[in-house]
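K.L.:
Pasting a structure here, questions to come.
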Amino acid sequence: MTIQGMNDNPTLKPAPLHWTDSMLIYLSPASLRMLALGFAAGLPLLLVLGTLSFRLREAGIDRATIGFLSWVGLAYGFKWAWAPLVDRLSLPVLTRLLGRRRSWLLLAQVCVVAGLLGMAISNPQVSLTPLVGFALLTAFGSATQDIALDAFRIESAQARLQAVLAASYQTGYRLAMIWAGAGVFWIAAWAETGAMPAGTYQDQAWTVAYIAMAVSMAVGMVTVLFSKEPAHVDLPPAHGAREWLQVAVIEPFAEFIKRYRWHAVLLLALIGTYRISDIVMGIMANPFYVDMGYTKEEVATVTKLYGVVMTLAGAFIGGGMVLRWGVMKVLMIGAVLSAATNLLFAWLALHGHDVYALIAVVSADNLGSGIASAAFIAYLSSLTNVKYSATQYALFSSLMLLGPKFLAGFSGLAVDAAGYAWFFTGTALLGVPVLLLVWFAHRFHSSGD
């Protein structure tokens, strides 16, 4: 059975599928395409953030600079600003050959490949400027790919199959994060020459690793070229920047504020700070591993492979907890875990290099992060109006990143001033106001006001 062969008449109630057929849907062409495209979407993220920070610290770049360079990731927080452009603008030649969705996907992927190749040949010990420029290109291309891919997924199948495509997408995305996290470290370690002392920065090893990542984007590019363009959807054109801003930002925010009145301030404050402990701490995690003497292989295996598995486990557990206890209770549990597990990193900073201790800390931290993420995604989804669901969710998820990402840019200065133990303790304390916001939000929702 293929997705195309299923009932396409929206006026008819679809017949329930047999359990076997339901599972076989994941092997359908549409589902496998989304698996491959999810891989292409997840690949660049770590390469311009976590993996890059490890590479820079190994190259001897100071922590303050690494912290400020994390602002490259703000491209993902502002992608709503050019989302209407991706929705409405046709690309010369490419759109005529491939269609609107596939043309934007391919252009974004070309930008990602060009950025990764540029990062591969840029030596941070010689000059940071080219590396930063190519990282920005990669992040911009990646964020644009996310925009086009969401539209491609939504328009590629009927509503009843969106959960299947979303699951395939998330699976591909997580596999890519393992490859761009653990895989790139393993490749860099393999490409090192034994003639130099252990722990010495070898730029050619990272060149090989980043070229391998650029080549891996072929999975997404080939998929785009051999995919079918979704049915064309006519969208009303936006006449000028003012109307664009009105449709993309003002109307969705105005509806949210009108619906929740003054309580909107409380809810927006919660959205903007809920993940602050994790995000601010996360920028210095990889430099911390370098300074503590952990090898590429240890970081790859423990934090990038095992850690992702623990995050997924936490997400599944968190989803079950939400079903049993409700979103607000689990939101509070997630906030407590996000802050408290940072104290474990403070303990590890004082404990010293110990792989088993690292495993224990990463287990607790990623499990808690998965639970918090599951609850927070459910909470954000509950706040959106169906009429503006995509736009409001994009704006909320961007708001979640902007403040913490900006603050995280100063994390290197904080570590230089106070040391890792006090820095991790401080990031845990950042979570205390979040607990109060969750409590107030719970009171508000319980009152039904």
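K.L.:
Springs between alpha-carbon pairs under 10 angstrom, Gaussian network model over the chain: which of 136, 43, 85 fluctuates most?
P.N.:
Result for the chain, Cα springs under 10 Å: 85 fluctuates most.
K.L.:
On full extension of the chain, what length is gained from residue 382 through residue 229, given 0.36 nm per residue of separation minus the C-alpha to C-alpha distance?
P.N.:
51.9 nm
K.L.:
With each run of n ≥ 4 DSSP H residues scored as -39500 (n - 2.57), what mean residue ellipticity at 222 nm is computed for the chain after dividing by its residue count and rounding to the nearest 500 deg cm²/dmol?
P.N.:
Computed mean residue ellipticity for the chain: -23000 deg cm²/dmol.
K.L.:
OK, next. Given charges of +1 on the Cβ of Lys and Arg and -1 on the Cβ of Asp and Glu, with all other atoms neutral, how large is the dipole of the chain about its Cα centre, in debye to the nearest 20?
P.N.:
1040 debye
K.L.:
Output the peptides 27-39, 343-355 sorted from most to least packed, where packing is the average of other Cβ atoms within 10 Å over each peptide's residues.
P.N.:
Output ranking for 27-39, 343-355: 27-39, 343-355.
K.L.:
To continue, here is another question. Averaged over every viewing direction, what's the projected area of the C-alpha convex hull for the chain? Give it in nm², one decimal, please.
P.N.:
23.1 nm²
K.L.:
At most 12 other Cβ atoms within 10 Å and a DSSP loop assignment: could you name the chymotrypsin sites (Phe, Trp or Tyr not before Pro) in the range 262-306 that fit?
P.N.:
For chymotrypsin sites (Phe, Trp or Tyr not before Pro) across the range 262-306 that sit outside H, G, I, E and B with at most 12 neighbouring Cβ atoms in 10 Å, the list reads 262.
K.L.:
Suppose each label sits 7 Å from its Cα in the direction of the beta carbon; what would the residue 402-residue 417 distance come out to in nanometres?
P.N.:
2.5 nm
K.L.:
Which of the chymotrypsin sites (Phe, Trp or Tyr not before Pro) found in the range 48-122 are in a DSSP loop and have at most 14 neighbouring Cβ atoms, other than their own, within 10 Å?
P.N.:
78
K.L.:
Among 296, 258, 329, which one shows the biggest mean-square fluctuation in a GNM of the chain, springs joining Cα atoms closer than 10 Å?
P.N.:
258
K.L.:
On to the next question. Would you report the distance distribution of C-alpha pairs in the range 24-233 as whole percents per 5 angstrom bin, up to the bin with the largest distance?
P.N.:
All Cα pairs considered, the percentages come to 1, 7, 15, 19, 18, 14, 10, 7, 5, 2, 1, 0.
K.L.:
Among 125, 204, 109, which one shows the highest mean-square fluctuation when the chain is modelled as a Gaussian network with alpha-carbon springs under 10 Å?
P.N.:
In the Gaussian network model the winner is 125.
K.L.:
Given a Förster radius of 30 Å and the C-beta distance between residue 429 and residue 91 as r, what FRET efficiency does 1/(1 + (r/R0)^6) yield to the nearest 0.05?
P.N.:
E between residue 429 and residue 91, to the nearest 0.05, is 0.05.
K.L.:
When only Cα pairs under 8 Å and 6 or more residues apart are kept, what is the percent relative contact order across the chain?
P.N.:
24 percent
Every read-out reported here was derived from the displayed coordinates using simple, explicitly stated rules and does not represent laboratory data. These figures come from a predicted structure and were not determined experimentally. For neighbour counting, all protein chains shown are included, and Cβ atoms are generated from backbone atoms with ideal geometry for every residue, glycine included.
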